[in-house]
Amino acid sequence: MEPQEAVRQLEYAIDASLDQTGQRAAAGYRPTFERVAERADGSAVYALACDLTDEVVSGQCPSPAEADATADRVLDDRAYTDGGE
């Protein structure tokens with residue numbers, strides 16, 4: 001998954017789940033998705049998008065700092081399971 005696709009996925013989830021405008025809220029996550037894409041591959045971006053979407057669907061809108069922490073966890077998990085980079 002490309003970073004722009006991940007942002008779009010979050011836009012839709014926020015629009016459907018929260019009382020916020022998804023386009024504005026999801027734009028703050030773009031740097032996080034780009035960082036994950038640089039350090040890993042599309043499957044890591046997808047995993048991050050799924051984790052953040054799960055949070056949104058449960059009624060929470062993670063801050064960019066919380067999204068960064070989730071990204072770090074996704075990247076760390078990949079390093080242990082597939083050898084990382």
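The values are calculated or read from the model by the stated rules, or taken from the named source; none is laboratory data. Quick caveat: nothing in here was measured; it's all calculated off a predicted structure. Using ideal geometry, Cβ is built from the backbone for each residue, glycine included, and neighbour counts are taken over all protein chains shown. Surface areas here come from the heavy atoms of the whole protein model, side chains and all, with no ligands, DNA or RNA. Shrake-Rupley method; radii C 1.70, N 1.55, O 1.52, S 1.80 Å.
A few points about this structure:
- Here the chain has an Rg and Dmax of 12.1, 40 Å, counting Cα atoms alone.
- 0 to 90° range, to nearest 10: angle between helix 3-17 axis and the chain longest Cα axis: 40 degrees
- In the chain, the DSSP-assigned H stretches of four residues or longer account for a calculated mean residue ellipticity at 222 nm of -24000 deg cm²/dmol, using -39500 (n - 2.57) per stretch and the full residue count as denominator.
- For the options 47, 65, 13, a Gaussian network treatment of the chain with springs between C-alpha atoms closer than 10 Å singles out 65 as fluctuating the most.
- Among 26, 3, 52 the positive-end extreme of the charge dipole of the chain (Cβ point charges): 26
- Solvent exposure of the chain amounts to 57 Å² per residue of accessible area, where only protein heavy atoms count and the probe is 1.4 Å.
- Point-charge dipole on Cβ atoms (K/R +1, D/E -1) for the chain, about Cα centre, debye to 20: 180 debye
- Taking the 1.4 Å solvent-accessible surface of the chain as the whole, the part contributed by carbon and sulfur is 46%.
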